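Colleague: This is the structure, below, for whatever I ask next.
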Amino acid sequence: MITTGGKLKIMAEERNVPIFGFDYKAQPRAALAFSFLPILGFLQKLGFISDKSADVTETVNVLQGLSTKINEAVPLSQNPAKQLAQRLYDHLPVIYGAGILSEVAHRWKTQLNENSKAWAFYEVFPELNHNAVVGYQFPTELASKIVVILLRSASLSKRIQLRYQVTCQLLEQAKVGYQIVDGDGTNQLSQMMSLVLLGDYTSYYLAILYKIDPTPVKAIDYLKEQLAKDRGSGK
């Protein structure tokens, strides 16, 4: 069990369940590495997946290199994350992904929601080609307010790559703004995680543009409080 403590740790100890604990004081969304990498290690140790050491090493190098390009010290003119945030400012982001990037697109959406306090949605290839592309027409006034970010990886099949190309043509016809963002590195893990890092930084910079603290999630806290009250009422 992976835990930072609390009731889960107590229950696990009472039942002699192995614990992987860590102490990291931050919002759960900022602790991805602490939850993802241990699982990868466990699965490898148990023999469910092959040795991923080389992939992890490359991923670390790719992320370190990318962080030097998108950190807060890098000016807007040279910082792709700041440039993306500026493009998304005062617009409705819609994130597209496929295959290994489907859940990366999902994370972009949730990071924009929670960090930037902004509306955002995500769609996945090939499903979006069966419905979403038909909805580009109306309301007509939304076209200029939407920016579609297409997360792409060299690992995706040629057929899916073609879907990206044709979908961009449809967006152009509908006069909807879009941008393709490619993952870095040669393996799937580095391509996924580099896009995760870029999305996280983008959501942070967008929060700054909106002049909002990215950390608190007041709406979620309020929801939890109201649900707790209902549970306590015994109804």
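Colleague: Return the residues of the range 192-235 that are under 30 Å from Val62 (Cβ atoms) and without any contact (Cβ under 8 Å) to a residue 40 or more places away in the chain; say none if nothing qualifies.
Modeller: Asp213
Colleague: Kindly indicate the residue of the range 209-226 that is outside any helix (DSSP H, G or I) and of a type outside the set (A, V, I, L, M) and also surrounded by the most Cβ atoms within 10 Å (Cβ to Cβ) among those meeting that condition.
Modeller: Once the filter is applied, the top-ranked residue is Pro214.
Colleague: Let me ask something else. Here are some conditions: (1) over 18 Å from Ser153 (Cβ atoms); (2) in contact with a strand residue (DSSP E or B) (Cβ under 9 Å, 6 or more places away or on another chain). Gln191 meets all but one. Which one does it not meet?
Modeller: Gln191 satisfies every listed condition except (1).
Colleague: Which residues, counting only those in the range 71-94, are touching a strand residue (DSSP E or B) at 6+ places or on another chain (Cβ under 9 Å) and farther than 15 Å from Leu197 by Cβ?
Modeller: Across the range 71-94, the qualifying residues are Arg87, Leu88, His91, Leu92, Pro93, Val94.
Colleague: Do we have Leu151 as under 29 Å from Glu58 (Cα atoms) and among the aliphatic types (A, V, I, L, M) here?
Modeller: Working: under 29 Å from Glu58 (Cα atoms): yes; among the aliphatic types (A, V, I, L, M): yes.
It is true that Leu151 is under 29 Å from Glu58 (Cα atoms) and among the aliphatic types (A, V, I, L, M).
Colleague: Count, please, the residues in the range 163-208 that happen to be in a strand (DSSP E or B) and either hydroxyl-bearing (Ser, Thr, Tyr) or buried (at least 18 other Cβ atoms within 10 Å of the Cβ) (or both).
Modeller: Number satisfying all stated conditions: 2.
Colleague: Another question about this same structure. From the list Lys69, Lys7, Lys25, exactly one residue is surrounded by 12 or more Cβ atoms within 10 Å (Cβ to Cβ), of a type in the set (Lys, Arg) and either free of Cβ contacts under 8 Å to residues at least 60 places away in the same chain or closer than 23 Å to Thr186 by Cα (or both). Which is it?
Modeller: After applying the criteria, what remains is Lys69.
Colleague: One residue is enough: does the range 170-181 have a residue meeting the conditions of a type in the set (Ser, Thr, Tyr), within 19 Å of the chain's Cα centre (by Cα) and within 26 Å of Ser53 (Cα to Cα)?
Modeller: No, the range 170-181 has no match at all.
Every number here is computed from the coordinates shown, using simple stated rules; none is lab data. As the structure is a computational prediction, the values presented were derived from the model and not from experiment. Counting neighbours? That spans all protein chains shown, and the Cβs are built from the backbone with ideal geometry, glycine included.
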